[in-house]
Amino acid sequence: MTTEGVNAAGAGFYERTREYRWVIAEWMMSTDHKRIGVMYLMALLSFFSVGVVLGFIIRLSLLSPGWLADQQTYNEFFTIHGVIQIFLFIIPGIPVAFGNIFLPILIGAKDVAFPKINRLSWWLYVTGAIIVLLSVFIQGRPPDTGWTFYAPYSIQTPANVSIAVMGVFVLGFSSILTGLNFVTTIHRMRAPGMGWFRMPAFPWTLYATGWVQMLATPVLAITLLFIFLGRFFGVGFFDPTKGGDPILYEHLFWMYSHPAVYIMVLPAMGIISEIVPVFSRRSLFGYVAVCMSALGIAIVGYAVWGHHMFTSGMSDTARVIFSFVTFLVAVPSGVKIFNWVSTLYKGSIQVDAPLLFALSFIFLFSIGGLTGLIIGALATNLHFHGTYFIVGHFHYVMFGGAGFSIIAALHYWFPKITGRMYDERFAKIGWLNLFVGFNILYFSMFVLGFQGMPRRYFDYPPQYHTGHVISTMGSWFLVIGLIIIFANLIRSIFKGEKAPMNPWGGKTLEWTIPSPLPRENFEEIPVITRGPYSYEEDAR
Amino acid sequence: MKKMQGEGLSTETGHIDYAGKKMGMWFFLFTEVLFFGGMFLLYSIFRYKYAQDFHAGAAEENIVLGTINTVILLTSSLTIALSIAAIKKGKKISSSCLQLATILMGVAFLVIKYFEWDAKISLGIYPNSPVLLALEKGQILFFGLYYVMTGLHGLHVLVGVVVISFMLHFTKRETINRENYARLENTGLYWHFVDIVWIYLYPLFYLIT
């Protein structure tokens with residue numbers, strides 16, 4: 001083991017402590033935020049790969065409907081694809097993995113505020129994930145409602161919706177506890193001198209995300225509980241024959257699930273705000289604006305859920321207001337995009353893999369955001385609602401946005417977590433495949449949607465065939481790209497060069513401690529005397 | 001390389017300040033407010049839509065038992081608050097007695113609730129029952145909300161009773177003491193929250209006739 005930069009404790013955080021006989025018990029019982037974060041990361045990436053495989057099968061099946069899966073199976077595939085990617089991967093996503101590993105370090109703390117609650121949320125996550133998976137493998141039909149569990153179908157279908165819904169309910173608890181923990185941590189555990197505006201941008205976005213997790217997730221919990229009660233006890237809040245109203249389900253569901261989009265994307269923006277300054281050797285341009293816009297997005301994001309329901313039946317007044325507020329969300333998002341680009345301006349840019357992924361994020365997220373405005377406008381929404389245009393839009397935002405930033409973060413923090421360097425050349429080859437494949441796959445969905453191809457359909461008329469074939473071919477490049485990227489990372493864990501303490505020249509606190517991360521975050525709690533990105537000051 | 005053994009994890013002993021613990025609890029209560037908020041939202045929408053049926057439904061409720069339960073729960077909030085005041089003065093015995101009183105009142109609340117539900121169920125009024133489905137739509141919803149909201153509230157009371165029992169145990173073992181009472185105080189906050197929810201449920205289900 002390298003002796004360079006090893007601290008007094010003498011151990012990376014993943015070395016055995018011998019508290020328990022079995023490694024797995026030692027990790028599962030650990031309250032160390034780094035270990036919990038790494039376990040989350042492993043779980044998330046496993047679920048991500050399962051989700052990708054399911055998505056890949058959906059695409060393959062659409063080459064020639066029926067050759068791979070029948071209608072029912074197809075419905076189950078896109079449901080499980082959605083449930084896994086949304087609830088098991090991207091919503092917990094960045095906060096639980098990178099947030100857990102790096103939040104305490106970035107603010108100079110020993111751990112999160114409630115380490116045991118942190119462990120509890122990890123256990124809840126595992127439990128929830130197992131329950132969700134049970135719904136697939138247990139006797140009976142896997143859920144076939146789509147990830148949104150829309151009533152009344154979700155109450156009537158014979159599929160295992162109850163189990164899946166319970167799993168998501170438990171995952172919600174995990175999410176709430178993580179958010180609560182992080183917000184308290186940021187309030188109470190900052191190192192001496194680390195004022196609010198000396199915090200790096202990533203903790204700022206985690207702070208905003210934490211609030212959204214706390215204030216939105218309970219609404220989902222109660223909504224899912226209503227589905228459960230409807231199925232088991234016949235409580236008919238969403239059943240018109242019993243006086244209920246299925247549109248109420250949509251309202252309650254999106255009241256959570258739209259803010260949930262910001263749970264996915266805000267921390268992604270935080271990661272990009274960390275990577276761009278480091279690789280252009282400049283302070284984050286408009287740092288305060290970037291941090292404040294995170295809060296802005298979180299707040300305004302609560303008041304836009306109605307734009308998912310423009311065609312569901314709502315008064316024109318409500319629709320106009322929701323549409324207008326939707327445009328408002330674009331403002332803080334735009335602030336961020338412009339600030340990242342301004343950070344690059346006149347920087348001394350070093351194009352390594354993390355920056356490539358970050359730049360792709362900016363590009364893809366811009367497309368996702370701008371198409372979001374197209375469907376946020378009432379008139380065009382009526383045309384695009386429920387088409388592939390929507391599918392293209394949210395994959396640009398979630399995969400192109402949150403997904404790419406996770407891969408960016410994986411490369412950026414890889415040396416810090418594993419103590420090894422990944423292979424830059426393979427990372428770039430992987431990136432090229434992924435980026436090209438991604439755009440072929442999802443951009444053709446915009447075209448298909450524009451032509452009127454409805455989403456979630458098993459079959460389609462011949463005029464859409466070309467579009468589907470192009471899209472499917474894109475998925476091949478995308479998968480090859482992902483395989484190269486992850487093969488490279490996995491290989492580098494074992495065979496990579498030893499990583500120095502600060503391979504990228506970062507200025508934030510994680511780069512002041514050894515790679516891999518030591519068991520004790522800091523030998524001495526640091527005292528902070530300046531802002532997080534002090535490139536200009538240091539150059540002077 | 002041999003590492004330090006066992007006790008090394010700083011995170012196990014990480015000191016969390018009193019204010020942090022309180023803050024975490026308040027955040028948790030925010031999430032609880034939103035959880036119940038979803039139900040109150042449904043209540044207000046359905047009540048707006050079926051005002052007459054809600055009126056008729058509430059007439060079926062047993063206002064005497066509801067009022068007794070309100071008194072019990074409000075008193076239990078007082079006793080838990082007094083138990084915190086007692087522990088702050090180091091009065092272990094009186095704090096324990098007051099916690100025990102809170103537990104007993106919580107249990108009494110649940111027992112009365114049981115008889116209330118039982119009376120309704122024996123009349124055939126429960127979700128999806130033929131008797132209920134024969135009623136007006138608004139009444140179906142009213143009783144649906146009644147069972148769901150008082151049920152989830154009852155579940156919270158039950159959780160509270162269990163948690164206070166643990167606090168009683170901790171007080172006995174003196175891990176909750178004059179200097180270190182944040183856990184008891186947080187439990188008190190939770191109990192007050194449960195009480196407040198009931199303060200809204202009581203008029204919405206019993207007094208709107």
**Span from the segment A:47-104 Cα centroid across to the segment B:137-176 one, whole angstrom** = 37 Å
**Item:** C-alpha center-to-center spacing [segment A:136-171, segment B:180-201] in angstrom
**Value:** 34 Å
**Request:** Could you size up the charge dipole of segment B:24-109 around its Cα centre, putting +1 on the beta carbon of Lys and Arg and -1 on that of Asp and Glu, and report it in debye to the nearest 20?
**Result:** 560 debye
**Message:** Compute, for chain A, the length of the dipole vector about the Cα centre, with Cβ point charges of +1 (Lys, Arg) and -1 (Asp, Glu) only. Units Debye, rounded to 20.
**Reply:** 580 debye
**Item:** Helical segments meeting 24 Å axial Cα length and Kyte-Doolittle 1.0 threshold in chain A (DSSP H)
**Value:** A:33-63, A:115-137, A:161-188, A:201-233, A:246-280, A:316-344, A:353-376, A:465-495
**Asked** Considering only B:Ile80, B:Ile103, B:Tyr181, whose Cα is most displaced toward the positive end of the charge dipole of segment B:32-207, charges sitting on Cβ of Lys, Arg (+1) and Asp, Glu (-1)?
**Response** B:Tyr181
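In peptide B:20-32, how many Cβ atoms from other protein chains are near each Cβ within 10 Å, on average?
6
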**Item:** Relative contact order [Cα under 8 Å, 6+ residues apart], chain A, whole percent
**Value:** 18 percent
**Message:** For the pair A:Leu373/A:Lys495, report the inter-label distance in nm, with labels modelled 7 Å from Cα in the Cβ direction.
**Reply:** 4.7 nm
**Request:** Report the FRET efficiency, 1/(1 + (r/R0)^6), for B:Glu136 and B:Ser44, where r is their Cβ-Cβ distance and R0 is 30 Å, rounded to 0.05.
**Result:** 0.95
**Request:** Given the options B:Leu145, B:Leu82, B:Leu123, state which has the largest fluctuation in a GNM of chain B using a 10 Å cut-off (strictly under) for Cα springs.
**Result:** B:Leu123
**Message:** Placing one identical point scatterer on every Cα of segment A:278-339 and ignoring solvent, what is log10 I(q)/I(0) from the Debye formula at q = 0.19, 0.23, 0.25, 0.28 Å⁻¹?
**Reply:** -0.71, -0.88, -0.96, -1.08
**Euclidean distance between Cα centres, segment B:37-111 to segment A:476-529, Å** = 53 Å
**Virtual paramagnetic centre 7 Å along Cα→Cβ of A:His465, amide N under 19 Å, in segment A:63-87** = A:63-69
**Asked** Among A:Phe477, A:Pro532, A:Val183, whose Cα sits farthest toward the positive end of the charge dipole of the protein assembly as shown (+1 at Cβ of Lys/Arg, -1 at Cβ of Asp/Glu, about the Cα centre)?
**Response** A:Pro532
**Prompt:** Rounded to the nearest 500 deg cm²/dmol, what is the calculated helix-only ellipticity per residue at 222 nm for chain B, with -39500 (n - 2.57) per DSSP H run of length n ≥ 4?
**Reply:** -27000 deg cm²/dmol
**Item:** Shielding of B:140-149 by partner chains, average beta-carbon count, 10 Å
**Value:** 4
**Request:** Please name which of A:Pro259, A:Phe279, A:Tyr249 has its Cα lying farthest along the dipole of segment A:238-333 towards the positive end, using unit charges on Cβ (Lys, Arg +1; Asp, Glu -1) and the Cα centre as origin.
**Result:** A:Phe279
**Message:** Report the per residue volume, in Å³, of the convex hull enclosing the C-alpha atoms of segment A:31-539.
**Reply:** 139 Å³
**Request:** Between B:Leu110 and A:Met421, with labels modelled 7 Å along Cα→Cβ, what's the label distance in nm to one decimal, could you check?
**Result:** 6.2 nm
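Mind checking B:151-160 for the average number of partner chain beta-carbons within 10 Å of each residue's beta-carbon?
That works out to 1 on average.
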**Inter-label distance, nm, simple model (7 Å from Cα along the C-beta direction), B:Asp17/B:Lys88** = 1.9 nm
**Asked** If you bin the C-alpha pair distances of chain B every 10 Å from 0, what whole percents do you get?
**Response** 8, 29, 28, 18, 11, 5, 2, 0
**Asked** Mind checking which helices in chain B clear 15 Å along their axis (Cα) and have mean Kyte-Doolittle hydropathy of 0.5 or more, DSSP H runs only?
**Response** B:18-49, B:63-88, B:92-122, B:137-172
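Throughout, read-outs are computed from the coordinates displayed, never taken from laboratory work. Since the model is a prediction, treat every value here as computed from it, not as a measurement. Methodologically, a virtual Cβ is constructed for each residue, glycine included, from the backbone with ideal geometry; neighbour enumeration extends over all protein chains shown.
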